[in-house]
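Read the structure below first, then the notes.
The values are calculated or read from the model by the stated rules, or taken from the named source; none is laboratory data. Computed from a predicted model, the values in this text were never measured in an experiment. When we count neighbours, we look across all protein chains shown, and the Cβ atoms used for this are built from the backbone with ideal geometry, even at glycine. Quick note on the areas: whole protein, heavy atoms, side chains included, nothing else; ligands and nucleic acids left out. Shrake-Rupley method; radii C 1.70, N 1.55, O 1.52, S 1.80 Å.
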Amino acid sequence: MPEQDLTDAWCARIQEAAATHRPLYIHGGNSKAFYGRPVTGDALDTREHSGILDYEPSELVIRARSGTALSEIEQRLERHRQMLAFEPPHFSPHSTLGGAIASGLSGPRRPFAGAARDMVLGVGLINGKGEALHFGGQVMKNVAGYDLSRLMAGALGTLGLLTDVALKVLPRPETEYTLKQVCSQQEALLRCAEWTAKPLPLSAACWHDEHLYLRLSGTEAGVRYAQHQLGDSLLEQDSSWWQRLRDQQLDFFRRDEPLWRLSVPPATPPLAITGDWLIDWGGGQRWLYSKENAATIRQVTGSVGGQATLFRNAQGKEDVFQPLPGPLFSLQQRLKQAFDPEGILNPGRLYAGL
Amino acid sequence: MERSRFLAGLDLPAHCILSEEAELRPYECDGLSAYRRLPWLVLIPETLEQVQAILAYCHRLKVPVVARGAGTGLSGGALPLEHGVLLSLARFTDILDIDTANRLARVQPGVRNLAISEAVAAQGLYYAPDPSSQIACSIGGNVAENAGGVHCLKYGLTVNNIAALKVVTMEGELLTIGSHAADSAGYDLLALLTGSEGMLGVIVEVTVRLLPVPEYAQVLLAAFDSAESAGNAVADIISSGILPAGLEMMDKLAIRAAEDFVHAGYPTDAAAILLCELDGTRAEVDAQLEKVHALLSHAGASEVRTARDQQERQRFWAGRKASFPAVGRLSPDYYCMDGTIPRKHLGRVLATISEWSAEYGLPVANVFHAGDGNLHPLILYDANQPGELERTEEFGGRILELCIEAGGTITGEHGVGMEKIDQMCTQFNRAELEQFHAVKRAFDPDGLLNPGKAIPTLARCAEFGHMHVHGGALPFPELERF
C-alpha cells in the first residue's frame, strides 16, 4: 500500500460521524478482532495511513503512522540491531503499530524491559470531536501537560483514533540463551521469585508443560556467567520458541475453548482453579483454559489482587474485562466523555458504556 | 469565604492547623523560591480519614486546595493560594509493607525517595528513580511530578517504576488506581495520574516497584575539547548497542564549580566531560567497559578515566549530584531550566544558549542528562539587581521555546507548575489545551485542585501572546488581546 497521510480525511470523517451519531469501528490488520467486546459501527481501516516518519538509531526513538505494519517497523529496527522491547504479539502478519498500542499487549520481555505503555513517548490522535491533537513527543523525558499519550495504550481506540505513535526502542542484546529446566508449576514460581530478585540478565521466564523456560540476554560473557548461576539446565536451541509463545503459536493455544488471561502479582502461588495453565512473565501473566465459570475465575483472581480477562473465544456470553468498582467506572465514563462526547469511537469495545 | 468561618466548621485537631503568619511563612514557596505567596491556611492531617474529610469539606465550601509533599519541587507546583488550603502530607511518613517476593513496597506519600532504597537495601533491592533531591524529596511529590534522575535512560521515570496509588478525589472519595499485578482493567489511570501535578487528586499511598541492586557498577569519565564532540560520543555509545545506567554531561562552568565544591577530581581545563556508568553482572560490565573506553577515545576524548575503586566512582558522581549547589556558590541566585531535546540538536542548542548568555550578560552553566536529552541550563543572576530576575525569566523562556523548536519539550522532569505555564501556550495549541481541561473536569469539575498551575487557561495564553502558531494561522482569534 502506498504511504499516505489521511489525518485530514479522518478528521472530516469523525466530525461527520459525531454529527450523525454513527459509531465507528476502528481497526488495523484485524489480527486482534477476537479481543474485547464486539463493536457495531462503520469500519475505519487504519492501514491506509502508514509509513515510518522518523527513525534515528542513536536517539532510540521511532515514530510511525498508526497503520504501519509492525513487521515493517521491526525489520527497519533489526537493520540497526534494535527492537521493540515490549515484544508486541503478532497474531497475524497484518498487525499494525496502532493496534499494538491500542490493545496495549506485550510479550515475554515485558516484566524485564517494560510494557507497551512504558515505551510510548508521544502520540498523534483524533478525538471524538474530529480534532487532530498531539501529546508527548519524541524525547525520553517529557512532563508537559497530562500524560495523555500513555493513556491511549490499552484504551482500544475508545478515547481517540491514533494517527501516529513515537516509541522508545532498545538495542537488541548481543547474545540470547534459552535455558530449560524440568519442574512443577509451584517450583517454577518459587524459582522465578528467587531469580528475579537477583541481578541476573533475565529477559523472559515462562513455565509450560512441566518445564521452566528462561531467557538470558546480554554480552556473551555476561550471559555465560548468568547461566552458571541458574543451576542445571538444558540449552534450548530453538530460539523461535519465544516468538511462538508471544504470538500464541504454541500447541497450548490451539483450542476453541475460552482462553483466560490472568494478571496477578508474580509470586502468587498456583491458583486453585482447575484447568490447563501456561505461566509467563515470571508468574505475572497466566494463561488458562478452564471449565470453571467466569464469576469463580474472577473471584479467585481478584482475591489475590489480580484481574482476569476473557482473552479469546468469549463467544459473546460473558464480560471480557474484569468489572470495575463503581466510582472507578464512573470516572472512566467521564474520561470517555472528555475525549468522545458523542460516544462514536469504538463504543463498547472495552466495557458497555465506554 | 472568611478564614474564621472556614475554621469554625473544620473538624481537625488544633495541632494540625497552622494559621499564624510566622507558622505560615515557611510554606510560602517550594524549591522554586523565586515564586512566593503566603498561604491562607496550612493543614497537616495525620490520618487518611482527615484527608478525606478536609477535601470533602473544601469541596462543599468550594475552597481550593494545593497538596504539598516535601516542598522540593522546582516549578512552583506547590505554590500556595491566597484564598485556599495548603494541604501538607508531611506526616504520612510510614513504610507500610515491603513485599520482597513481588518486589514491591507500599509507602505513604511523605516517605523520602532515598528512604525507600535504604529500607530494602538489606534484601538487595532498591527503588530506581533518583532525582538529585532524593535525600529530601518525598514519593508523593515524585509521583505528582513524574520525577526522573540520572538513571532514566535504562530504568525509566517514576511512571515506569510504580504499580499502584491510593488517591483521594476532590469530593473526598478514596480510589485505588493500578494494582500489585503487572496491569489493571480499564484505562491506564496510573499513567494519567503520574505527573498530573496535584490537579486530578491527592496521592495518599504509593506502591513502588523495586529492582535488584546490580552486582557491579563502574563509571568512566571522559574529557572533551568541545561539547559537540562529547555529544557525538554519546550518540556513538548508544548506537553501539550499549545502554548505560547513567550518561551525564557537564560543561566547563559546571565542571569548575563542581570541582571547587566537592573536589571530584574533574579535569577543569576540559570544555565538557561525560560520565558514563555501566551496571550489571561483573562479566557484563567488564565487557562493556572495554568497548565504551574505545568508543570514547575514538570520538576524540582528550582523556578517559575509569574510576579506580568504588570511592573514586562515588566521588565522580558526587560532583555531578552536587552541581546545582556548586553552581549556586558562583552567584547570589541561579535559575534552573529543564528542557528536553532530541540529542542530535545538542550542539546547536548549546551554541545558541551561549550566544544569548552573552547577549543578556547572564552566565549559564549546563548540566545535561545526555542519555535522555534532558538539559538543565543554570542561569546565574542576582535577584537584588533591579530587573535581573525579569531578564533571567525572559532568557529562560527563550531557552524553553528553543527546546520546543528543536522538537523537544519545555519540561523533562521538573513539571510545569507555575513557572512554565506560559510556555505551555507555545507547546500546545488551543484544541490540545482544551483536551487537557476536559480531562481535568472529568476528575475535578469545579477546578478546586491546584488551580492556575500546569495547564494555562485559553485567556492566559491570549494574554501571553506567544501562542502556538499552526499553519500560519493566529491562534485564539476570537479572544481579546491585552
For the range A:197-265, the dipole about the Cα centre with charges only on Cβ (Lys and Arg +1, Asp and Glu -1), to the nearest 20 debye, works out at 300
Between the Cα axis of helix B:48-61 and the main Cα principal axis of chain B, the angle (0 to 90°, nearest 10) is 60
Tilt, helix B:310-321 to longest principal axis of chain B (alpha-carbon atoms), in degrees rounded to tens, equals 50
Lys and Arg at +1, Asp and Glu at -1: neighbours of residue B:69 with Cβ under 14 Å from its Cβ sum to -1
Beyond 31 Å, the calculated P(r) of chain A holds a percent of Cα-Cα pairs equal to 36
Placing +1 on each Lys and Arg Cβ and -1 on each Asp and Glu Cβ in the range B:1-124, then taking the dipole about the Cα centre, the residue among B:117, B:84, B:8 whose Cα reaches farthest towards the positive end is B:84
So, over other residues within a Cβ distance under 12 Å of residue B:155, counting Lys, Arg +1 and Asp, Glu -1, the net charge is -3
Mean separation of Cα contacts under 8 Å (at least 6 apart) over the residue count of chain B, i.e. the relative contact order in percent, is 14
The farthest towards the positive end of the charge dipole of the range B:259-366, of the residues B:322, B:358, B:346, given +1 on Cβ of Lys and Arg and -1 on Cβ of Asp and Glu, is B:346
Toy charge model, Lys and Arg Cβ at +1, Asp and Glu Cβ at -1: the range B:3-88 dipole around Cα centroid in debye, rounded to 20, equals 300
Over chain A, with neighbouring protein chains present, the accessible area per residue in Å² at probe 1.4 Å is 37
Shape call for the range B:3-88, from the Cα gyration tensor axes a ≥ b ≥ c (a/c under 1.5 means rounded, otherwise prolate when a/b beats b/c, else oblate), comes out prolate
Across A:281, A:241, A:260, the residue with the highest GNM fluctuation in chain A (Cα network, 10 Å cutoff) is A:241
Taking Cα atoms, the helix B:430-443 axis meets the longest principal axis of chain B at an angle in degrees (rounded to 10) of 60
Within the set A:327, A:23, A:38, GNM on chain A using Cα springs under 10 Å gives the largest fluctuation to A:327
In the protein assembly as shown the cysteines whose Cβ sits 4.7 Å or more from every other Cys Cβ are A:11, A:183, A:192, A:206, B:16, B:29, B:58, B:137, B:152, B:276, B:336, B:403
Expressed as a percent, the accessible surface of the protein assembly as shown that is carbon or sulfur, using a 1.4 Å probe and the full set of protein chains, is 49
XL table B:291/B:344; A:168/B:321; A:168/B:440; B:321/B:344; A:168/B:344; A:336/B:440; Cα-Cα > 18 Å flagged, in table order, is B:291/B:344; A:168/B:321; A:168/B:440; B:321/B:344
For the range B:125-203, the dipole about the Cα centre with charges only on Cβ (Lys and Arg +1, Asp and Glu -1), to the nearest 20 debye, works out at 220
Quotient of Cα radius of gyration and Kirkwood radius for chain B, i.e. Rg/Rh, equals 0.97
Ordered by number, the residues of the range B:324-365 with at least 10 Å² less accessible area in the assembly than alone (1.4 Å probe) are B:340, B:342, B:343, B:344
Computed for B with A: buried accessible area summed over both chains, 1.4 Å probe, rounded to 100 Å², at 6200
Along principal axes, largest first, the alpha-carbon spread of the range B:216-324 in whole Å comes out as 35, 29, 20
Expressed in angstrom and rounded, the centroid-to-centroid distance over alpha carbons for the range B:33-81 and the range A:254-305 is 43
For residue A:291, the lysines lying under 24 Å Cα to Cα, once residues fewer than eight places off in the same chain are dropped, come out as A:32, A:317
Farthest towards the positive end of the dipole of the range B:3-88, among B:39, B:59, B:22 and with Cβ unit charges of +1 on Lys and Arg and -1 on Asp and Glu, lies the Cα of B:59
In Å², rounded to a whole number, the accessible area per residue of chain B with probe 1.4 Å is 36
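Distances over 56 Å make up what percent of all Cα-Cα pairs in the protein assembly as shown?
That tail contains 6 percent of the Cα-Cα pairs.
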Rounded to whole Å, √(5λ) for the Cα gyration tensor eigenvalues of the range B:95-212, largest first, gives 21, 15, 14
